[in-house]
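Taking it in order: structure first as structure tokens, then the write-up.
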Amino acid sequence: MRARFFLPMFLLMFFSVVSASGKNNPEESMVFDYRSGIGGGMGISAVSISDLVSYLNLREGFTLQERIPEFNSAVEFFVTFDWFMQSDVAFGFEYSYLFGSHNFSGTFGSNDYSYSFHMPVMLGHYLLKGPGYFFKFGGGLGYFFTRYREDLMELTEPIVYTGGGIGGKIHAVGHTPFGDNLYGYVGVEMRFAFPGSVSDNEGIVLRSGDKDVTMNFISLGLKFGLTYNF
């Protein structure tokens, strides 16, 4: 999925949240009574891992017309925790698992390349409240763990590379109630990570020619889920 599709999708969900919120009692206060919350869901991201894309295009010998695009889709699963400290401030923690892959078939088999990121992040939020809904705006930092795997037709065993480094995100999240404490979650985010190079279990670094292949990335994502606040 290309990044240009995310904006209209988010705007559609944004107006759905506002529309749903208008059906609630305008006297309700949906944040002041809450001290914490827990939630989870899934999403899809447009991810750019420039070094990996260049490496795969070179390794597979693609022509200009066959080249892998800069941004590619990846699936995300997440859980999140919130602590409402004041009427307009909250802190939180989020753990996300991001997964993406590429598959290229040939006459004698296929080459499969996949990557994953474990992404714990400490977050800070500013809260914007309304009758029956609230929004969170903020971001945070964490340490991202990455795993890259190659299943090649010429090899009997996969090659696995691992690494890690600093990462973070900025996001905006809308919440609209489905019940007394249950809320829908719609979020849009930008994420960045700098795990650097990756190596296998023998310490051999993934390289393309004389250059290390890093797993540094930027991404744009859209996420959906549920939260329970209490």
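Please treat every number below as a calculation from the coordinates, not as lab data. Because the structure is a prediction, the values reported are computed rather than measured. Here the Cβ is made from the backbone with ideal geometry for all residues, glycine too, and neighbour counts use every protein chain on show.
Kindly evaluate ASP88 against the criterion of being of a type in the set (Asp, Glu), out of contact with any Cys (no Cβ under 7 Å at 6 or more places or on another chain) and surrounded by fewer than 14 Cβ atoms within 10 Å (Cβ to Cβ).
On the way: of a type in the set (Asp, Glu): yes; out of contact with any Cys (no Cβ under 7 Å at 6 or more places or on another chain): yes; surrounded by fewer than 14 Cβ atoms within 10 Å (Cβ to Cβ): yes.
Considered against the rule, which asks whether it is of a type in the set (Asp, Glu), out of contact with any Cys (no Cβ under 7 Å at 6 or more places or on another chain) and surrounded by fewer than 14 Cβ atoms within 10 Å (Cβ to Cβ), ASP88 comes out as yes.
Return the total of residues in the range 201-230 being of a type in the set (Lys, Arg) and within 26 Å of the chain's Cα centre (by Cα).
First pass over the range 201-230, keeping only residues of a type in the set (Lys, Arg): 207, 211, 223.
Right, trim to within 26 Å of the chain's Cα centre (by Cα) and you get 207, 223.
The total comes to 2.
Across the range 156-210, what is the total count of residues that are among the hydrophobic types (A, V, I, L, M, F, W, C), buried (at least 20 other Cβ atoms within 10 Å of the Cβ) and outside any strand (DSSP E or B)?
Initially, the range 156-210 is screened for residues among the hydrophobic types (A, V, I, L, M, F, W, C), giving 159-160, 166, 170, 172-173, 178, 182, 186, 188, 190, 192-194, 198, 204-206.
Cutting the leftovers down to buried (at least 20 other Cβ atoms within 10 Å of the Cβ) gives us 173, 186, 188, 193, 198, 206.
Filter once more, so that each one left must be outside any strand (DSSP E or B): 198, 206.
Qualifying residue count for the region: 2.
List the pairs whose first member sits in the range 68-91 and is closer than 23 Å to SER45 by Cα and in contact (Cβ under 8 Å) with a residue 40 or more places away in the chain, whose second member is among the basic types (Lys, Arg) and assigned to a strand (DSSP E or B), and whose Cβ atoms are under 7 Å apart, counting only residues at least 6 apart or on separate chains?
Between residues of the range 68-91 that are closer than 23 Å to SER45 by Cα and in contact (Cβ under 8 Å) with a residue 40 or more places away in the chain and residues that are among the basic types (Lys, Arg) and assigned to a strand (DSSP E or B), the close pairs are GLU76/LYS223; PHE78/LYS223.
So, of the residues in the range 68-121 that are under 23 Å from ILE218 (Cβ atoms) and among the polar types (S, T, N, Q), which turns out to be nearest to the chain's Cα centre (by Cα)?
In this case the residue turns out to be SER96.
Six or more apart or on different chains, Cβ under 9 Å: which pairs go from a residue in the range 44-57 that's crowded, with 21+ Cβ neighbours inside 10 Å to one that's among the acidic types (Asp, Glu)? Could you list them?
Going by the 9 Å Cβ cut-off, the qualifying pairs are SER45/GLU76; SER45/GLU189.
Is it the case that MET153 is aliphatic (A, V, I, L, M), over 23 Å from the mean Cα position of the chain (by Cα) and either exposed (fewer than 15 other Cβ atoms within 10 Å of the Cβ) or within 21 Å of SER87 (Cα to Cα) (or both)? Walk me through it before giving the result.
Numbers: aliphatic (A, V, I, L, M): yes; over 23 Å from the mean Cα position of the chain (by Cα): yes; either exposed (fewer than 15 other Cβ atoms within 10 Å of the Cβ) or within 21 Å of SER87 (Cα to Cα) (or both): yes.
Judged against the criteria, MET153 is a match.
Can you tell me how many residues within the range 61-110 are over 30 Å from ASN229 (Cβ atoms) and of a type in the set (Ser, Thr, Tyr)? First the steps, then the outcome.
Narrowing the range 61-110 to residues over 30 Å from ASN229 (Cβ atoms): 61-73, 100-110.
Narrowing the set further to residues that are of a type in the set (Ser, Thr, Tyr) leaves 63, 73, 101, 105, 107, 110.
Final tally of qualifying residues: 6.
Would you pick out the residues in the range 211-230 that are outside any strand (DSSP E or B) and either without any contact (Cβ under 8 Å) to a residue 24 or more places away in the chain or closer than 19 Å to ASP51 by Cβ (or both)?
The initial filter retains those residues of the range 211-230 that are outside any strand (DSSP E or B), namely 213, 215-216, 230.
Result: VAL213, MET215, ASN216.
Scan the range 60-69 residue by residue and report those that are exposed (fewer than 15 other Cβ atoms within 10 Å of the Cβ) and either in contact with a Ser or Thr (Cβ under 9 Å, 6 or more places away or on another chain) or at negative phi (or both). Reasoning before the result, please.
Of the residues in the range 60-69, the ones exposed (fewer than 15 other Cβ atoms within 10 Å of the Cβ) are 61-67, 69.
Selection gives PHE62, THR63, LEU64, GLN65, GLU66, ARG67, PRO69.
Residue by residue through the range 200-230, note down the ones that are touching a Phe, Trp or Tyr at 6+ places or on another chain (Cβ under 6 Å), of a type in the set (Gly, Ala, Ser) and over 17 Å from GLU94 (Cα atoms).
Within the range 200-230, SER208 is the sole residue that qualifies.
Just give me the residues in the range 102-119 being assigned to a strand (DSSP E or B), in contact (Cβ under 8 Å) with a residue 12 or more places away in the chain and exposed (fewer than 15 other Cβ atoms within 10 Å of the Cβ), in sequence order.
As a first pass, look at the range 102-119 and keep what is assigned to a strand (DSSP E or B): 102-106, 109-119.
With in contact (Cβ under 8 Å) with a residue 12 or more places away in the chain added as a condition, the list becomes 102, 104, 106, 109-119.
Result: GLY106, GLY109, SER110.
Residue by residue through the range 123-157, note down the ones that are over 18 Å from PHE224 (Cα atoms) and of a type in the set (D, E, K, R).
LYS129, ARG147, ARG149, GLU150, ASP151, GLU154, GLU157, listed by residue number.
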